[in-house]
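Below is one structure, written out as structure tokens, with a few remarks after it.
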Amino acid sequence: LVNVRTGKMIHSFGCLSGEMPPGAVVTSMAQSPAVDTVAVGTSDGSVHLVNALHDLRLFTLRHGPSKGMKSRSNGGGSAVTSLSFRTDGNASRQGVAPLAVGCDDGSISVWDLTPVEDEATGTVRRTLMTRMDGAHHGGVSGASYLPGEPLLLSSGRVSNAVVLHVFDAPDGSGRVLRQRR
């Protein structure tokens, strides 16, 4: 992680050195609303949440390719091309902390980062709220929540389409509000 103004390296993510398979590279990063936390997307379809202050990997989310879609990544998952945290008040009032993940197979997944403990095993997991397969033909170029709104703006890599998704359903699923294809 480099400060673009000074050109100095801020963080080297040493905590991910043993977590990424050979050949996997960092493809996307996003600053979390939580202090010192960064989401790091990789070419193997993993998203690592990292505390940059302490160089500590907090947890990892894994993505597989969409059904019927081929990934251009060199791993089993779909390469992560975009990450965005939702910051509107409706999400916090509903008790969810959404993270949108765009992939090179054209899908957009929305994860709830609120920890859920499995009482049987004692493990903590995160919930996949929704997955929009085929959101963009040819892959997702970018996906970004609008600040303070339940709106996700996404663009296609090959199709050059722009789609505005709204997340106003009680189950957390999104729907297309506007699009230019």
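The values are calculated or read from the model by the stated rules, or taken from the named source; none is laboratory data. For clarity, every value in this text was computed on a predicted model and none was experimentally measured. Reconstructed Cβ throughout: ideal geometry from the backbone, glycine too, with neighbour counts over all protein chains shown. For accessibility, only protein heavy atoms count, side chains too; no ligands or nucleic acids. Shrake-Rupley method; radii C 1.70, N 1.55, O 1.52, S 1.80 Å.
Key figures
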read-out: Residue ID - farthest from the chain's Cα centre (by Cα), chosen from residues in segment 117-129 that are part of a strand (DSSP E or B) and farther than 20 Å from VAL80 by Cβ; value: GLU117
read-out: Filter result (outside any strand (DSSP E or B) and of a type in the set (Val, Ile, Thr)) within segment 14-34; value: VAL25
read-out: Yes/no for VAL124 being within 24 Å of THR37 (Cβ to Cβ) and of a type in the set (Val, Ile, Thr); value: yes
read-out: Residues of segment 152-163 satisfying the condition of being at negative phi and open to solvent by 30 Å² or more (accessible area, probe 1.4 Å); value: LEU153, SER155, ARG157, VAL158, SER159, VAL162
read-out: Matching entry among LEU146, LEU99 (being in contact with a Phe, Trp or Tyr (Cβ under 6 Å, 6 or more places away or on another chain) and either charged (D, E, K, R) or under 18 Å from VAL176 (Cα atoms) (or both)); value: LEU99
read-out: Test result for GLY148, touching an Asp or Glu at 6+ places or on another chain (Cβ under 8 Å) and open to solvent by less than 40 Å² (accessible area, probe 1.4 Å); value: no
read-out: Qualifying residue in segment 130-144 (condition: loosely packed, with under 13 Cβ neighbours inside 10 Å, β-branched (Val, Ile, Thr), closer than 23 Å to HIS48 by Cβ and in contact with a Lys or Arg (Cβ under 7 Å, 6 or more places away or on another chain)); value: no
read-out: Per-region count, segment 89-116, residues modelled with pLDDT under 90, open to solvent by 10 Å² or more (accessible area, probe 1.4 Å) and either of a type outside the set (Ser, Thr, Tyr) or part of a strand (DSSP E or B) (or both); value: 6
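Results for (1) in contact with a Cys (Cβ under 8 Å, 6 or more places away or on another chain); (2) hydroxyl-bearing (Ser, Thr, Tyr); (3) touching a residue at least 60 places away in the same chain (Cβ under 8 Å), shown as yes or no for each residue.
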{"site": "SER78", "(1), (2), (3)": "yes, yes, no"}
{"site": "THR87", "(1), (2), (3)": "no, yes, yes"}
{"site": "GLY95", "(1), (2), (3)": "no, no, no"}
{"site": "LEU113", "(1), (2), (3)": "no, no, yes"}
{"site": "HIS136", "(1), (2), (3)": "no, no, no"}
{"site": "LEU152", "(1), (2), (3)": "no, no, yes"}
{"site": "VAL158", "(1), (2), (3)": "no, no, no"}
{"site": "GLY174", "(1), (2), (3)": "no, no, yes"}
